[in-house]
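The values are calculated or read from the model by the stated rules, or taken from the named source; none is laboratory data. This one's a predicted model, so the numbers in the text were calculated from it and none came from an experiment. Backbone-built Cβ (ideal geometry, glycine too); neighbour counts: all protein chains shown. The accessibility values were calculated without ligands, DNA or RNA, using every heavy atom of the protein model including side chains. Shrake-Rupley method; radii C 1.70, N 1.55, O 1.52, S 1.80 Å.
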Amino acid sequence: MPEETITRTGISLEKKLAIIVEAKRHPEKSHASLGSQFQCCRSTVSKILKHKLEIEEESKTAVSLNQKRHREGRWKVMEDTLAFYVEQADTALFFTDDALRVKGQRLAEKLHAEGDSKRDFTGAGSWPQRFKKRYGLFTIRLHGEAGSVDLVTVAEKRVELQELIAKYPLKD
């Protein structure tokens with residue numbers, strides 16, 4: 001009778017954490033029984049439990065628990081800096097793929113000057129999409145009137161409105 005084979009599949013971070021939690025909850029369970037419970041091999045369970053500290057640390061910084069493999073871009077320092085810049089930027093700023101590409105090129109040049117290997121960063125092709133996916137960023141396309149608003153004017157008028165409101169007591 002032929003042995004049942006399990007085909008190779010990627011295991012999400014969420015499933016790895018579930019295996020770790022189940023192993024902590026029931027230390028008497030064998031790796032083989034955990035493997036059959038989670039539809040993976042005994043050796044896979046063993047590797048997950050061997051690296052449980054790294055997996056738990058990775059889960060704290062992961063963009064999504066559904067990702068199967070944590071991958072870093074080739075330009076990690078530049079991408080980390082760019083992601084921090086985008087997250088800290090004013091919410092009124094919108095970053096198109098071209099804007100991300102240009103900002104990435106400038107950062108790569110500066111980091112290369114400071115000793116980090118530039119490795120000829122161009123941001124070509126699908127780099128902006130992969131960058132946004134790695135860092136959980138997304139683009140919202142505005143339609144209708146929302147898409148035609150001059151954001152600089154809105155910011156100026158908001159300040160004027162705040163100054164006008166500040167003249168009145170809060171109870172009014």
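Quick notes
- Filtered residues of segment 15-61 (kept if open to solvent by 100 Å² or more (accessible area, probe 1.4 Å) and under 27 Å from ARG134 (Cβ atoms)): LYS47, LYS50, LEU53, GLU54, GLU57, LYS60, THR61
- The number of residues in segment 128-164 being at negative phi, among the small types (Gly, Ala, Ser) and at pLDDT 70 or above comes to 1.
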